[in-house]
Amino acid sequence: MKGRALQLYEDFRRSAAASGNLFGICRVILLARIIPEELTVDLDDPSVEERLERAIDSVTRRDPAA
């Protein structure tokens, strides 16, 4: 689905920022090996989506406030 990676990242970023978990955002970027500026509504890459899902899951499991 086009733009799903961007939506995943933006949803997580908003949630983490609201809870003060800025380090969690950095961890997701590093774990998923993404460059946030390259996530666009036109991006349709299942591997990026999968990496983001795994990274977000890993960060939120370790830190319930994320």
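Rule-based calculations on the coordinates, nothing more; no lab input. Keep in mind that this is a model prediction, so the values were computed, not measured. Positions of Cβ are backbone-derived with ideal geometry, glycine not excepted, and every protein chain shown enters the neighbour counts.
Treat every Asp and Glu Cβ in the chain as -1 and every Lys and Arg Cβ as +1, leave all other atoms uncharged, and give the resulting dipole magnitude about the Cα centre to the nearest 20 debye. Working shown, then result.
Working: 10 positive and 12 negative charges, 69 e Å.
Roughly 320 debye for the chain.
To the nearest 500 deg cm²/dmol, what mean residue ellipticity at 222 nm is calculated for the chain from DSSP H runs of n ≥ 4 alone, each contributing -39,500 (n - 2.57), summed and divided by the residues?
Details: 3 runs with 43 residues, N = 66.
So the calculated ellipticity at 222 nm is -21000 deg cm²/dmol.
Just to be sure I follow: if Rg is taken over the C-alpha atoms of the chain and Rh is the Kirkwood radius over the same atoms, what is Rg/Rh?
On the way: Rg = 11.0 Å, Rh = 11.6 Å.
Over the Cα atoms of the chain, Rg/Rh equals 0.95.
Using Cα pairs closer than 8 Å and at least 6 residues apart in sequence, work out the relative contact order for the stretch 4-62, in percent. Don't skip to the answer; put the middle values down first.
Numbers: 46 pairs, mean separation 28.3, N = 59.
Dividing the mean separation by the residue count of the stretch 4-62 yields 48 percent.
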